[in-house]
Structure formats: structure tokens, C-alpha cells
1. Evaluate Rg over Rh across region 54-120, taking Cα atoms for both radii and Kirkwood's formula for Rh.
2. What's the extension gain from residue 237 to residue 163 if we count 0.36 nm per residue and subtract their Cα-Cα distance?
3. In nm, give the distance between the simple-model label positions of residue 107 and residue 93, each being 7 Å from the Cα along the Cα-to-Cβ direction.
4. Could you calculate the FRET efficiency of residue 64 with residue 149 from 1/(1 + (r/R0)^6), where r is the beta carbon distance between them and R0 is 41 Å, rounded to 0.05?
5. Using a probe of 1.4 angstrom, how much of the accessible area of region 65-135 is carbon and sulfur, in percent?
6. Given a Förster distance of 35 Å, report the FRET efficiency between residue 79 and residue 230 from their Cβ-Cβ distance, rounded to the nearest 0.05.
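The values are calculated or read from the model by the stated rules, or taken from the named source; none is laboratory data. Values in this document were obtained by computation on a predicted structure and should not be read as measured data. Cβ: placed from backbone, ideal geometry, glycine included. Neighbour counts: every protein chain shown. Areas reflect the complete protein model, heavy atoms only, side chains present, ligands, DNA and RNA absent. Shrake-Rupley method; radii C 1.70, N 1.55, O 1.52, S 1.80 Å.
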Amino acid sequence: MGHDCDMTYTDTVPDLCQVPPNGICCVPVTRPEIVKLNVGGGIFEVFRTTLERYPDTLLGKKDSLDEYFMTEQDYHFLERHKLIFSSILYFYQSPGKFYRPACVSADQFNLELEFFGLTGYYETFASSLEKPCRKNAKYEHPTLRVERAWNFFKDPKSSGAARVWAIIDVIAISLAVLLFIVETMPNIKAELANPDQVLATSFFVVETLCVAFFTVELVGRMICCPDKKQFLKTLMNWIDFVTIIPYFTQLAENMMQDSVEGRLRQGCTVVRVAPTRRLSWC
């Protein structure tokens, strides 16, 4: 409008605005204090007012947080888990919501929550998600559902169901390895050569159940993995895939040839490497 007005930044807004000669009143703008944090080498900046939403936590207490202030570097330094701190900061910004990165175990996450004084808040948040009332249930973000499913396969400590699944996984692996060992015995091998024998049918059924379990787990982990590119780059996942596929390929081929004998014998041998490999890292 042909008039220039210099803005003055102050920490507080004055009680009285003086009108300059040009008749334009410029209200000073309040600039909130910014807290600079170095957590595990990662730099984070957040408004002080955001942290003070929860004054009973470590970050919300100015006196407690200032104990970690380094004058020369002009930031607060906390030697904690950098990735988990992003989740901690999200709690203040959301506010009141949590998310746990899929690659972080429950024990690691709980240690960081305890350090920052957020254990009680997390328990309250978790209990609100587990309420069985469907009529008044809140919408659960798809990302959270995928994370839970991924933790189910990846972290046995994430839930009771995950522990049961892990136990069944170990049993299936051990059973498949045991079948492989028993099948190498000469007297057992002779009986397996005869498809009319009950033992041959039993071996085929047990082996099929094990393969079905391994397939469900592989597909489930692939669907729920938050980083599909990283999943495809992991060598162990490809070993799982390569050792399971021949079972179905050979089974389909034998079925098309209508060879029951071949189906029984081949079905029990093509996936022996898979459970043996899995047992090394389970």
C-alpha cells in the first residue's frame, strides 16, 4: 500500500499497540521457543509448548530436560534410540497416540517409554485399542493393523497369539527335520517305496501340513512387511520361497500324470532343505 512496517519479534505480546504516524498498526508476532534435541545422533526440533502438553514426562519438564543441555553445542543431547524417539516425539505431536516401528522389539520400545516417563500413557493408549466393544469401537488405521500383523509373525513377545504361533513354527520345523532323518533309514525307505503302506501316506500327510504352514507364514510375512523392497532384498526370504515352490511344482506334475506312487514319494522329499534352513535362525 506504499507503507513499510517493520515487524518486531518478541517472546511476549505487549499490552498496548502504539499506532505509528502512517496509521498502520503492526502487532508483534509471538515466536514460541524451539527446543533442539540430539538423540542418538539424530537432530530433532520441536516447540517447547508441544512438549509441555505432558508436563509430568521427561521432555515436558523443563528442569529435567535442561539437565541434558550441552552449552557448547547448543542442544540437548540424549544417548537413546534414534528411531524409537521419532515415535516418542509423535506422541507429543499427535497428541496422545503411539506407534511402534515394525523393526523395533517390544522390549526395546518399553525401555524407551520408561526412560521418557511415558509407560502409563502407552498402557492407557494400548488398552483403548483392545476394547472388545465393536459398536462404539474407534476406527483403527490400516497402518496400525499391518504393524500388528507384522509383529505377530516377527516378534513372539508382541502378543499371546504370536507366542503360540512361534511354538507351532518350531514344532513344524522340528517335525519336518525328524521326518527327513527317519526317511533316510533303509527299512523306512523300503516301506515308503510302496504307496499302499500306511507309513507312506502318513509321511505325505505330515509333510504336506508342514509345507502348508511354511507357505502361510511366508505369504503372511510378505503381505504384512512394511518395507516390501527390503523384504525382497533379504536372502533368507528367497531361500524360503525357492525351497517351497518345488513341492507344489512336483505335486502338480505328478497329479497331472495321475501317478499316486510318484506323488507320495516326491511330496515327501522336495522340501527337506526348507525346514532345515529355517531351524538355523528360528
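1. 0.97
2. This chain segment gains 24.5 nm when fully extended.
3. Taking the two extended label points, one gets 3.0 nm.
4. That gives a FRET efficiency of 0.65.
5. 51
6. Result of the calculation: an efficiency of 0.85.
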